[in-house]
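Colleague: Before I ask anything, let me first share the structure, which is written out below as structure tokens.
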Amino acid sequence: MGHQIETSIFAEDSTCGFWRLQSNEPALIEKMNQLAEQTRSPWKITGEALAAGSPWLYRRRFSSTTDAREAFTRILMRMDAEEFELIPVAVGLGWSVNRVGSNGKAAR
């Protein structure tokens, strides 16, 4: 049985400050690791997966919820053409990714 794909971004404490992106999605992990390796990248790896299917964690500072959402959306759009929607995980404090599968139904 495979692991469920889960990706989200959320504020650590307040919307102005550090945010964490968490994912066990292989293509996104590869993209984020490339970003984090760049010297001037604001993204840093804060947690590596301990087992296959476990999430990786990335951290960076944003000045607002809007900035965090826009950056997260840009990263997801650059990955592939697969449709997605962002589902609020808490009022103004983060989102999880809901992928739309080939059958037209949302997949979490």
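The values are calculated or read from the model by the stated rules, or taken from the named source; none is laboratory data. Since this is a predicted model, take the numbers as computed values, not measurements. Virtual Cβ from ideal backbone geometry, glycine too; neighbours counted across all protein chains shown.
Colleague: Quick test for you: out of Ser64, Ser54, pick the one residue that is farther than 17 Å from Gln4 by Cα and either touching a Pro at 6+ places or on another chain (Cβ under 8 Å) or small (Gly, Ala, Ser) (or both). Full working, then the answer.
Modeller: On the way: Ser54 fails: farther than 17 Å from Gln4 by Cα.
The match here is Ser64.
Colleague: If you take the residues of the stretch 72-85 that are closer than 13 Å to Ile9 by Cβ and surrounded by fewer than 17 Cβ atoms within 10 Å (Cβ to Cβ), which of them is farthest from the chain's Cα centre (by Cα)?
Modeller: Of the residues in the stretch 72-85, the ones closer than 13 Å to Ile9 by Cβ are 72-76, 84.
Checking the rest, the ones that are also surrounded by fewer than 17 Cβ atoms within 10 Å (Cβ to Cβ) come to 73-74.
Numbers: Thr73: 9, Arg74: 11 Å.
Top of the filtered list is Arg74.
Colleague: State which residue is modelled with the lowest pLDDT when the search covers only the stretch 36-55 and only residues that are within 17 Å of Ala71 (Cα to Cα) and surrounded by 17 or more Cβ atoms within 10 Å (Cβ to Cβ). Outline the logic, then answer.
Modeller: Initial filter on the stretch 36-55 (within 17 Å of Ala71 (Cα to Cα)): 36, 38, 40-45.
Keeping just the survivors that are surrounded by 17 or more Cβ atoms within 10 Å (Cβ to Cβ) gives 36, 43.
Values: Ala36: 94, Trp43: 97.
Looking at residues that are within 17 Å of Ala71 (Cα to Cα) and surrounded by 17 or more Cβ atoms within 10 Å (Cβ to Cβ), I get Ala36.
Colleague: Please find, among Gln34, Gln22, Gln4, the residue that is under 21 Å from Arg99 (Cα atoms) and not in a strand (DSSP E or B). Can you show your working first?
Modeller: Numbers: Gln34 fails: under 21 Å from Arg99 (Cα atoms); Gln22 fails: not in a strand (DSSP E or B).
Matching residue, one of Gln34, Gln22, Gln4: Gln4.
Colleague: Taking the residues in the stretch 56-92 that are in a helix (DSSP H, G or I), of a type in the set (Lys, Arg) and modelled with pLDDT of 90 or more as candidates, determine which candidate is nearest to Met32 (Cα to Cα).
Modeller: In this case the residue turns out to be Arg74.
Colleague: Give the stretch 7-34 a look and list any residue that's surrounded by fewer than 14 Cβ atoms within 10 Å (Cβ to Cβ) and farther than 20 Å from Thr66 by Cβ, or say none.
Modeller: Those that are surrounded by fewer than 14 Cβ atoms within 10 Å (Cβ to Cβ) and farther than 20 Å from Thr66 by Cβ: Pro26, Ala27, Glu30, Gln34.
Colleague: Could you run through the stretch 93-108 and say how many residues are at pLDDT below 50 and assigned to a strand (DSSP E or B)? Don't jump to the end; show me each part of the working.
Modeller: Of the residues in the stretch 93-108, the ones at pLDDT below 50 are 102-108.
From what's left, assigned to a strand (DSSP E or B): 106-107.
Counting residues in the stretch 93-108 that are at pLDDT below 50 and assigned to a strand (DSSP E or B) gives 2.
Colleague: Also, quick follow-up: Of all residues in the stretch 7-19, which are assigned to a loop (DSSP other than H, G, I, E, B), under 17 Å from Thr73 (Cα atoms) and among the small types (Gly, Ala, Ser)?
Modeller: Here is the first cut: in the stretch 7-19, the residues assigned to a loop (DSSP other than H, G, I, E, B) are 12-16.
Keeping just the survivors that are under 17 Å from Thr73 (Cα atoms) gives 15.
Across the stretch 7-19, there are no qualifying residues.
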